[in-house]
Amino acid sequence: MRATNFLIFLISVFSANADPFQNLGFDDANTNNMEAVDPAWGEGWGATADLLPGWNLLWGSKEEDSIGFNYSIPGLGYASLYNSNNPNWRHVEGQYALELYPDNYRNMPYSLTQIGDVPGEAKSITLTLLGGPVVVYMNDSLVPLIFNPDFNDYPPYPDRIISVTGDVSPFSGQTVELKIVTAEGGIVPWRSLDSIAFSPLAIPEPTGSALFFVGLLLFGLSCVYRNKGP
Ligand SMILES: [Ca+2]
C-alpha cells in the first residue's frame, strides 16, 4: 500500500512537469458560448478561457477575462480572435489567429502568457506576425528575435506576413513561462499572431558561419599549396 502511495506521489511529481504548451496556433477555441455584439463591431465576445484556452492575457496589469471574435472596431485596447470570415484580415493559418490592439499611448501593452514544457529537442521558437512588433520572454529572459522580412524591408510590413524566430536552446526540456508582449513602435498599432511552434532547428549564427567558411577557405588553400609543393 505504501509502495502504491509512493508510486502515485512519484507520478504526480513527474506529471506536474509534463504539460506541453497548448493551443499554440489559436485553433482550439470554443466559440459556442459567445455573446452577441453590435454587428458593426464584429461577430461576438466571449470568455478568454473559451476563446483562448491555455493562455492568460493581461492588458497593462489588468487580466482580460473576455476577448472579441472577429471584432474589428478601430480604437485602442482590444484583443480578438478572428477567422477567415473577417475580410479585413489575411493572416489566418488553420482556423483562427489572434489580434492584439494595445494602447501604447497609455503604456498598456498586451501580455500573452502560458506555462508549459519546452520540448527537449527544441532549439528555436517560431511564430508568424502581421502588423507591429512583439517581444518574447522565457521565464522573464528576453529572447532575441529575428524578423523575416525585417520591419525596415520594402514593401512596408503591414502588407507582409513576418516569420519570427528566436533562440530557446537554453530552455530545452524545461518548464517555463512563455510571454509574448506587444512592443512599442511600428507604423500600425495592432499585431496579429499565429502558428507559435518550437523547432529543433537552431538559429543560424552569421558570425559563426562566416568564421567556418573562412576556415574552410584556408583549409582548401593549404591543400592546394600542399599539392603544388615538391
Ligand atoms: Ca491558427
Restricted to segment 57-69 and to residues being surrounded by 22 or more Cβ atoms within 10 Å (Cβ to Cβ) and not aliphatic (A, V, I, L, M), the residue nearest to the ligand (Cβ to nearest atom) is Phe69
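For segment 87-112, how many residues meet the condition of being charged (D, E, K, R) and surrounded by fewer than 16 Cβ atoms within 10 Å (Cβ to Cβ)?
3
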Could you give me the residue pairs with C-beta distances under 7 Å whose first residue belongs to segment 77-104 and is within 17 Å of Asn56 (Cβ to Cβ), whose second residue is at pLDDT below 85 and near the ligand (Cβ under 10 Å from one of its atoms) wherever it lies, and which are 6+ apart or on separate chains? none
Consider segment 37-56. How many of its residues are modelled with pLDDT of 95 or more and assigned to a loop (DSSP other than H, G, I, E, B)? 4
Sort out which residues of segment 166-192 are of a type in the set (A, V, I, L, M) and touching a helix residue (DSSP H, G or I) at 6+ places or on another chain (Cβ under 8 Å), and write them in order of number. Ile187, Val188
Selection status of Ser84, crowded, with 16+ Cβ neighbours inside 10 Å and closer than 28 Å to Ser163 by Cβ: no
Residues that are part of a strand (DSSP E or B), of a type outside the set (Ser, Thr, Tyr) and touching a Ser or Thr at 6+ places or on another chain (Cβ under 9 Å), drawn from segment 92-111: Ala97, Leu98, Glu99, Leu100, Met108
Which one is farthest from Trp41 (Cα to Cα) among residues in segment 73-116 that are among the β-branched types (Val, Ile, Thr) and either within 16 Å of the ligand (Cβ to nearest atom) or more than 16 Å from the chain's Cα centre (by Cα) (or both)? Val92
Out of the residues in segment 117-131 that are more than 15 Å from the ligand (Cβ to nearest atom) and part of a strand (DSSP E or B), which is surrounded by the most Cβ atoms within 10 Å (Cβ to Cβ)? Ile125
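Okay, residues lined up against (1) touching a residue at least 60 places away in the same chain (Cβ under 8 Å); (2) over 19 Å from Ser80 (Cα atoms); (3) of a type in the set (Phe, Trp, Tyr):
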{"residue": "Asn139", "(1), (2), (3)": "no, yes, no"}
{"residue": "Ile161", "(1), (2), (3)": "yes, no, no"}
{"residue": "Val181", "(1), (2), (3)": "yes, no, no"}
{"residue": "Val188", "(1), (2), (3)": "no, no, no"}
{"residue": "Ser192", "(1), (2), (3)": "yes, no, no"}
{"residue": "Ala197", "(1), (2), (3)": "yes, yes, no"}
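The values are calculated or read from the model by the stated rules, or taken from the named source; none is laboratory data. Predicted model, so just to flag it, every value in this text is computed and none were measured. We place every Cβ from the backbone using ideal geometry, glycine too, and count neighbours over all the protein chains shown.
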